[in-house]
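Single-structure report; data block below.
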Amino acid sequence: MNLPSEFHSYVKPKKVISPKLAIFNDDLCSELGFDFSSFKPEDISNLLSGNTIPEGSSLIAQAYAGHQFGHFTILGDGRAILLGEHVLGDKRFDIQFKGSGPTPYSRNGDGLAAIGPMLREYIVSEAMHYLNIPTCRSLAVVETGEEVIREQKYPGAILTRISKSHIRVGTFQFAVIQEDKDLVNKLLNYTIERHFPNLIESKSKALDFLYAIIEQQADLVTNWMRIGFIHGVMNTDNVALSGETIDYGPCAFMDHYDPLTVFSSIDHQGRYSFVNQPIITQWNLARLAETILPLISDKQENALKLAEEAINMFADLYQSKWLDMMRLKIGLLTKENEDKDLISELLDVMQKHKADFTNTFRLLSENTLPDDEFFKAEEFLSWYKKWKVRLEKDLKSFENARTIMETNNPKIIPRNHLVERALKKAEEGDLETIKEYIQILKNPYDSQINIADEYFMPPNDNEKVLQTFCGT
Ligand code: AMP
Ligand code: MG
């Protein structure tokens, strides 16, 4: 499908000296229907490093803008190149290289990537997929055999990622500031055709599209809140209108529950802290709404009124999605007014006692409470009694609650200290640890799975990772 030419530039990946496959996603490869069985290993490395370009492909880097930490900037794929689209039945995927050399949008960057951050994106995006969260996927990481210079020298690498598209809120922001007034309309039609075909015939396309994106982003952020995921750079250029989680720079998972948790080294004000994520989602949606105002109605006042109504309903929509999600986390299927207080009380006790976010919910569904300080605390036990009464009213059987809880509360998340440990090994040349770790991340909800305690235990004090980096 063709986006108007304003939205991209034709580019060629930089040739690399000695590409070598570091990791390859066989499962994703077969899901996509690719068959590399006749390829020699070096053919795959050459293909996925951009050294060999498939015949007939025209590679592009995409233009976009974005609010970065609230400040508007013109951006674009500074180190990403779209190799092409892959069509599978009625589905269409972008295949993109990340770290394959400069583009017209690189500004002062070198267009390159170091192996650590590319493997990090691979691990976390795949973990997110298996946690049932919409996300871009990772097909492979190829080492380039070249060095990338950051605070020190690192081995260079290229990630191949697969997304439903790379249209962002920032793509609309870019369209608005071009001279062609019809460009936003063209982009809107393109996005609707690609992601919301049910709206093609709509009489109020722009408004319906806005509502569809509001719903989609409310679902996404609710999912992040379910598993303690902190994206870290929720700039408008990192909000994909496919509804997928993209841009795995400094993202991280929370260990002990603290709503103000921030990991990213550049998020000094806590703009993208755990608890702020829904508020920022609404802010980002407002930036999208601004770009399509003239398409919502010719009358400015009317357009503003309709867009405001849509954006304002996000708060209630999110609250109700969040509450339903939290109900499932504590095994409730029915709705009672008192549920919000019950959930808040648990979260307050968890925060006060620095209880592990993932394990607390998971352990609640066990028959007996674990022999652990938190579960013996008076405040917890007082909550526990109320919860048991509420459960009784809801399901009559603890078994039913357990099933609901086990499908909504992961046992395994990619904990920061384990991700860092696997990455460190990879940087020392051992890729087996990462591969083993990824295998474990594939069954995050499975209670039968027999894995070592270290994979679900929170870090001890000297293992804690307190800060993460963009890896740009
Ligand atoms: P991010 O914060 O990862 O969303 O990146 C913001 C922008 O910086 C994007 O447009 C990236 O393409 C660009 N960028 C990040 N790293 C590099 C790099 N090494 N070279 C060129 N552009 C980059
Ligand atoms: Mg980005």
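The values are calculated or read from the model by the stated rules, or taken from the named source; none is laboratory data. It should be emphasised that the depicted structure is a prediction, and the values quoted were computed from it without experimental measurement. Virtual Cβ from ideal backbone geometry, glycine too; neighbours counted across all protein chains shown.
Can you tell me which residue within the stretch 12-33, out of those that are surrounded by 15 or more Cβ atoms within 10 Å (Cβ to Cβ) and either of a type in the set (A, V, I, L, M, F, W, C) or at pLDDT below 95 (or both), is nearest to F93 (Cα to Cα)? Among those residues, the one meeting the criterion is L32.
Within the stretch 276-287, does at least one residue satisfy the condition of being within 16 Å of ligand 2 (Cβ to nearest atom), in contact with a strand residue (DSSP E or B) (Cβ under 7 Å, 6 or more places away or on another chain), touching a residue at least 60 places away in the same chain (Cβ under 8 Å) and more than 22 Å from I413 (Cβ to Cβ)? Yes, some residue in the stretch 276-287 is within 16 Å of ligand 2 (Cβ to nearest atom), in contact with a strand residue (DSSP E or B) (Cβ under 7 Å, 6 or more places away or on another chain), touching a residue at least 60 places away in the same chain (Cβ under 8 Å) and more than 22 Å from I413 (Cβ to Cβ). Would you say L260 is over 25 Å from S138 (Cα atoms), part of a helix (DSSP H, G or I) and away from ligand 2 (no atom under 16 Å from the Cβ)? No: the conditions fail for L260. When M225, M254, M234 are checked against the criterion of being modelled with pLDDT of 95 or more, within 16 Å of ligand 2 (Cβ to nearest atom) and aliphatic (A, V, I, L, M), a single residue qualifies: M234.
Of all residues in the stretch 86-135, those satisfying the criterion of being assigned to a strand (DSSP E or B) and of a type in the set (K, R) are K91, R92, K98. Listed here are the helices (runs of 4 or more DSSP H) enclosed by the stretch 381-472 that have at least 2 residues being at pLDDT 95 or above and in contact with a strand residue (DSSP E or B) (Cβ under 9 Å, 6 or more places away or on another chain): 416-427, 432-441.
The residues of the stretch 13-27 that are more than 24 Å from the chain's Cα centre (by Cα) and either aromatic (F, W, Y) or within 12 Å of T52 (Cα to Cα) (or both), listed by number, are P13, K14, K15, V16, P19. Pairs meeting the criteria (first residue in the stretch 212-238 and more than 17 Å from K321 (Cβ to Cβ) and in a loop (DSSP other than H, G, I, E, B), second residue within 16 Å of ligand 1 (Cβ to nearest atom) and polar (S, T, N, Q), beta carbons under 6 Å, at least 6 apart or on different chains) are G232/S264; N235/Q68. Taking the stretch 98-113 as the range and being near ligand 1 (Cβ under 8 Å from one of its atoms), under 11 Å from T472 (Cβ atoms) and buried (at least 19 other Cβ atoms within 10 Å of the Cβ) as the test, the residues that pass are G99, G111, L112, A113. Summed over the stretch 162-176, the residues that are assigned to a strand (DSSP E or B) and crowded, with 24+ Cβ neighbours inside 10 Å give a count of 1.
Can I343 be described as among the β-branched types (V, I, T) and touching a residue at least 60 places away in the same chain (Cβ under 8 Å)? No; evaluated as a whole, the condition is false for this residue.
Of the numbered criteria (1) part of a helix (DSSP H, G or I); (2) under 19 Å from the mean Cα position of the chain (by Cα), the one K186 fails is (2).
Among the residues of the stretch 233-273, the ones that are over 15 Å from the mean Cα position of the chain (by Cα), within 16 Å of ligand 1 (Cβ to nearest atom) and among the aliphatic types (A, V, I, L, M) come to 2 in all. Tell me, yes or no, whether the stretch 345-356 has at least one residue that is under 22 Å from the mean Cα position of the chain (by Cα) and at pLDDT 95 or above. Checked the stretch 345-356: at least one residue is under 22 Å from the mean Cα position of the chain (by Cα) and at pLDDT 95 or above.
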